[in-house]
1. Scan the stretch 133-176 for residues that are in a loop (DSSP other than H, G, I, E, B) and among the β-branched types (Val, Ile, Thr) and report the count.
2. Please find, within the stretch 223-261, the residue that is nearest to residue 82 (Cα to Cα) out of those that are β-branched (Val, Ile, Thr) and crowded, with 20+ Cβ neighbours inside 10 Å.
3. Determine whether residue 260 is within 18 Å of residue 28 (Cβ to Cβ) and aliphatic (A, V, I, L, M).
4. Among the residues of the stretch 206-224 satisfying the criterion of being of a type in the set (Gly, Ala, Ser) and in a strand (DSSP E or B), which is nearest to residue 265 (Cα to Cα)?
5. Go through the stretch 202-220 residue by residue and tally those that are touching a helix residue (DSSP H, G or I) at 6+ places or on another chain (Cβ under 7 Å) and modelled with pLDDT under 90.
6. Hey, can you tell me all the residues within the stretch 225-259 that are assigned to a loop (DSSP other than H, G, I, E, B) and at pLDDT below 80?
Amino acid sequence: MAISAFKPEIWNADLLVTLEKSLVYAAPGVVNREYEGDIAQYGDTVHITTLADPTVGTYTPHTDITIEDVDDSDQTLLIDQAKYFAFEVDDVEKRQARNGGAVLTEQARKAAYKLRDVADQYVAGLMAAGVDVGNVIGEATLATPAAAYDLLVDLGVVLDEDNVPGEGRWVVVTPAFHGLLLKDDRFVAAGDAAGAATRANGMVGEAAGFSIRKSNNAPDGPGAGAGKLIVAGYNGATTYAEQINNTEAARKEKGFADIVKGLHLYGAKVIRPTGLAAADVIIG
């Protein structure tokens, strides 16, 4: 690829698409991402307005009704994460490599996946720290497929008791947890034929009212054991915003190589802690 043909806007868009396809905890459908257009630079503050619930009164004929103001509260999402990648491809290596300049494009895609991994771990840790304390199920050792499926049901009950909407619910499980589910007829029989296949964003099926996603980035559980935190919720509990702020290509000053570097800006916040539930799980 010739540096003269480099178009930052196209590379930025391509990197974001690659990121979005591989995110799990920060994937569309798991988090709210409607504020991404408000990011311009590192340190930006995004204002999130939440409306208070209206009061429902009892109507009595010939009696004035009470008209209340629309109350709102403001939360802020700080874009406080800035990660970068930078690499070079020597002219000799590029010449010897198959497809020439395609080396740069492929390396940029790999950089996007690495950025994704860092961002996904960040959001996973944020959820683990932000889930309401009363919504965390204590340490549980799961030894059977039935126990794994039943835990999904228990997480759903926790969310039900907090009046969390049933639509848009998800749960992120570990590969070992998913392996147990695959041995349970209730999971295998759930959903359509596509539900059994691995899909984009780590989705591996649907069961117990959740879209189920699989990730190796599950945070460590809070217990004394070697458990992993299985986090469930709905897509209004956490807000995430990201942007590839800048991608540049240049020639190396002291050498004969192409250099590509990029900056990934993002931030996340749990805005409804009771919209999440979690369980400290040991597969044993």
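1. Going through the stretch 133-176 one residue at a time, the tally reaches 3.
2. Among those residues, the one meeting the criterion is 244.
3. Here the answer is no, as residue 260 does not meet what is asked.
4. The qualifying residue nearest to residue 265 (Cα to Cα) is 211.
5. So the count comes out to 5.
6. In the first step, residues of the stretch 225-259 are kept if they are assigned to a loop (DSSP other than H, G, I, E, B); the result is 225-227, 235-237, 252-256.
The one that is assigned to a loop (DSSP other than H, G, I, E, B) and at pLDDT below 80: 225.
The values are calculated or read from the model by the stated rules, or taken from the named source; none is laboratory data. Predicted model, so just to flag it, every value in this text is computed and none were measured. Cβ coordinates were reconstructed from backbone atoms using ideal geometry, including for glycine residues, and neighbour counts include every protein chain displayed.
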